[in-house]
Amino acid sequence: MANSKGLALLTLWLLSINSLSAEESWLVGARVVSVYVESLEDIPDMVKLREQGVSVIELDVDLNHESSFYGDRSYKLELVKEVVRRAHAHGLKVVVYVPSLEVISDGVLSWVQRSLDGRPVAASWREADFFWLEEGEYSNWMSPLSPHREKVKELLIDLEKAGVDGIWLDVPHMPSYLSEDKEDLWPDASPWGVEDFRSRYGHDLPKKLEGPAFWDWMEWRHQVVADYLRYLASSVNVPVLVESSATDWGNELAFEPSLYGGYQVPEVGPPCKGFREANFTMWSHFVAQLKYVRSSSKVMIPLTYGADPVDSGRQLGIILSMADGFFETNADCYMTGTVGEGFRKKAFKLVWALTGVKKSTARVAVVFSYRLRDRVDTYVYGPYDMTDTKYMAEYRKVVEELLRKGVQFDVIPEERPGYDVLIKPRDEPPFYEFDVKGEDTGGLIHLNFSLNGCVVDVWDNVLGLSGARNFGLVFSFDDWSLKNASTYPETLYLSFSNLSNSSLTVKGAIYIAPSPVDRVGLRNSSLATTFIFVGGPAVNWWPYPFNLREASYGREDEALILVKGCGNFRFVWAGGLTRYGTRAALLWLSSREVGPVTHLIWRDLNGNGRVELSEVREVKA
């Protein structure tokens, strides 16, 4: 009965995945940075953040100490109000960071979780290797069933009253490991936990870390954390984003993404490292985690850590294919850094350009079973370490093989309709049986997705491959250009297909003019998302029949303007049969909004041999 309750609540979450309200729509395309504020002097320049392309501030005012949860937090709330006031004045949203189950204090608190053998789930700064603990401090992991839940609820309500746009809940965990001296904890055997487990399952706590009683215990842990988060999310009327590193591996942390649903922030980058030295297997682990969380999230905004712009750019390529936003930070562990303001501005512009309803194009899905993981492997060392695991190691190998063959696939928590092939696990090894056809991508990761109907392909050079390879016409993130690429990117390429008809008002664009004549007088705009192909069918490939009658050179010409779109990208073809028609198209384009197809005629009415806007008229189709 405990399982059916969780599945019913999850179903309600999933039904609303593609139905964000106007108050929530800002989460799609979110460009997030973290800001730490202890005083008014720490509040950043909102104009500068806006210029960098930031849309969401993840605000940390140090709410992780005992006094913030259980004492006077009036000063911190005043800080929050002032940050919100300044951010809103510049169109920025603010979400406030709250550690949901960890409380830092100067000793062990009474509402902490308890291990199966009764130990408090708390560790001192000497015991735990937590960089955020200072000398004399303790990390306390509170029972989600204790009175702590009401204190967190009160805090969230106070933050909502302070005007925040959302809450960022971190560490919703019941950790089995804190240090070498505190492992195999498997909480929560606190008085609240014991009572709740017995009421749900009708038997006592497990005596050993295996067998049916322990499997019930692990399932109960997942359910308790999911229930706790849903309880907190329902207490406020702003979005509550949940950050966790658990993804598909973290059974020892208790948080299970597929049982919660909702707005999720999977922490998938290896903290404080980046991926510059990662091999293809490591990158496939990265992809597996994101795909699994994506399958059960209402909104997903991953948290990763970039070592430098190249490393962040390669992570960005994968993130773009499935996530709703991007959190830009570096690998210093504190979340408030950046790999460079230039990269941030460029990355956020690309995130904005690809904002919209993203859907998978995959016809293949891998079914991942967290219950099978719990029963077979019990403990997984970490997101990138499958040592001593059987089911997890085999499942992650399936993901890697599909990536190597360039197969488009999803990772889902249960069987779902809409796929041609479901790769499902069995209860015993070999857990997966499948055969992948096709050529190896050679270490290049190829992912694609549908964006409001058009299809975007991502070519991510995660291993830094070099040499010749024909990619055709692509958008290069590295030099922000459209080009016929014949070599590997440093980071990533994008290609577009099934473009939709669109309209356009030209404010800034990148002009692509194969003919030297057509380049005269044109200026390119930095980081523009409008690309104009200048020139007629004699110099450009055209996506539309150019069925115009012959021109009378220098006296009469015809032209077409075609506008196609994908997300916030616009692709424009503007050309005539001769350079006079092309000039007429450019004058028309620069003077007004145009629709998907514009047919123009120019006649040299005053006989001066120059194209003037007053001589150009539109032919109605």
*Subset of region 101-144 [closer than 17 Å to L253 by Cα and aliphatic (A, V, I, L, M)]*: L101, V103, V112, L116, V121, A122, A123, A128, M142
*Of the residues that make up region 496-511, is at least one surrounded by 14 or more Cβ atoms within 10 Å (Cβ to Cβ) and either modelled with pLDDT of 95 or more or farther than 26 Å from A585 by Cα (or both)?*
yes
*Restricted to region 582-609, and to residues that are over 44 Å from the mean Cα position of the chain (by Cα) and of a type outside the set (S, T, N, Q), which residue is surrounded by the most Cβ atoms within 10 Å (Cβ to Cβ)?*
W602
*Of residues in region 610-621 being closer than 14 Å to G581 by Cβ and in a loop (DSSP other than H, G, I, E, B), the one least open to solvent (accessible area, probe 1.4 Å)*: V611
_Residues located in region 512-540, provided they are surrounded by fewer than 16 Cβ atoms within 10 Å (Cβ to Cβ), part of a loop (DSSP other than H, G, I, E, B) and modelled with pLDDT under 75_ = P514, V520, G521, L522, R523, N524, S525
*Report yes if some residue within region 290-304 is among the charged types (D, E, K, R) and either under 20 Å from T529 (Cβ atoms) or assigned to a loop (DSSP other than H, G, I, E, B) (or both); otherwise report no.*
yes
*Unique residue being open to solvent by 20 Å² or more (accessible area, probe 1.4 Å), modelled with pLDDT under 95 and among the aliphatic types (A, V, I, L, M) when the list is L14, L77*: L14
_Quick check on this structure: which one of Q289, Q315 is crowded, with 23+ Cβ neighbours inside 10 Å and within 20 Å of V339 (Cα to Cα)?_
Q315
*Starting from residues that are under 24 Å from S497 (Cα atoms) and touching a Ser or Thr at 6+ places or on another chain (Cβ under 9 Å), keep the ones in region 572-581 and report whichever is surrounded by the fewest Cβ atoms within 10 Å (Cβ to Cβ).*
V572
*Counting just the residues of region 123-160 that are free of Cβ contacts under 8 Å to residues at least 12 places away in the same chain and not in a loop (DSSP other than H, G, I, E, B), which one comes out most open to solvent (accessible area, probe 1.4 Å)?*
E154
*Which ones in region 178-188 are closer than 18 Å to W215 by Cα and open to solvent by 20 Å² or more (accessible area, probe 1.4 Å)?*
D184
*Does E243 satisfy being free of Cβ contacts under 8 Å to residues at least 24 places away in the same chain, under 24 Å from the mean Cα position of the chain (by Cα) and not in a helix (DSSP H, G or I)?*
no
*Tally the residues that are out of contact with any Phe, Trp or Tyr (no Cβ under 7 Å at 6 or more places or on another chain) and aliphatic (A, V, I, L, M), restricting the search to region 413-431.*
2
*Among residues belonging to region 545-571 that are surrounded by fewer than 20 Cβ atoms within 10 Å (Cβ to Cβ) and within 21 Å of G595 (Cβ to Cβ), point out the one that is modelled with the highest pLDDT.*
N568
*Consider P489 carefully, then state whether it is crowded, with 18+ Cβ neighbours inside 10 Å, in a loop (DSSP other than H, G, I, E, B), touching a residue at least 24 places away in the same chain (Cβ under 8 Å) and out of contact with any helix residue (DSSP H, G or I) (no Cβ under 8 Å at 6 or more places or on another chain).*
yes
*So is M282 within 17 Å of the chain's Cα centre (by Cα) and surrounded by fewer than 23 Cβ atoms within 10 Å (Cβ to Cβ) or not?*
no
*For region 270-279, name all the residues that are on the phi < 0 side of the Ramachandran plot and open to solvent by 10 Å² or more (accessible area, probe 1.4 Å).*
P270, P271, K273, R276, E277, A278, N279
_Hits in region 492-501 (condition: more than 13 Å from V458 (Cα to Cα) and free of Cβ contacts under 8 Å to residues at least 60 places away in the same chain)_ = N498
*asked:* Here is a check on your reading of the model: is S295 over 11 Å from the mean Cα position of the chain (by Cα) and polar (S, T, N, Q)?
replied: yes
*State whether one or more residues within region 446-453 are over 30 Å from A584 (Cβ atoms), in contact (Cβ under 8 Å) with a residue 60 or more places away in the chain, open to solvent by 50 Å² or more (accessible area, probe 1.4 Å) and out of contact with any Asp or Glu (no Cβ under 8 Å at 6 or more places or on another chain).*
yes
*asked:* Any residue at all in region 249-256 that's of a type outside the set (K, R), surrounded by fewer than 24 Cβ atoms within 10 Å (Cβ to Cβ) and under 17 Å from the mean Cα position of the chain (by Cα)?
replied: no
*With the condition kept exactly as written, say whether any residue in region 417-433 is surrounded by 20 or more Cβ atoms within 10 Å (Cβ to Cβ), assigned to a strand (DSSP E or B), more than 23 Å from the chain's Cα centre (by Cα) and in contact (Cβ under 8 Å) with a residue 40 or more places away in the chain.*
yes
*Would you check if K298 is of a type in the set (K, R) and open to solvent by 30 Å² or more (accessible area, probe 1.4 Å)?*
no
*Hey, can you tell me all the residues within region 191-240 that are assigned to a helix (DSSP H, G or I) and among the basic types (K, R)?*
R198, R200, R221, R230
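The values are calculated or read from the model by the stated rules, or taken from the named source; none is laboratory data. Source: prediction; values computed, not measured. With ideal geometry, Cβ positions are generated from the backbone for all residues, glycine too; neighbour counts draw on all protein chains shown. Ligands, DNA and RNA are excluded from the accessible area calculation, which covers all protein heavy atoms including side chains. Shrake-Rupley method; radii C 1.70, N 1.55, O 1.52, S 1.80 Å.
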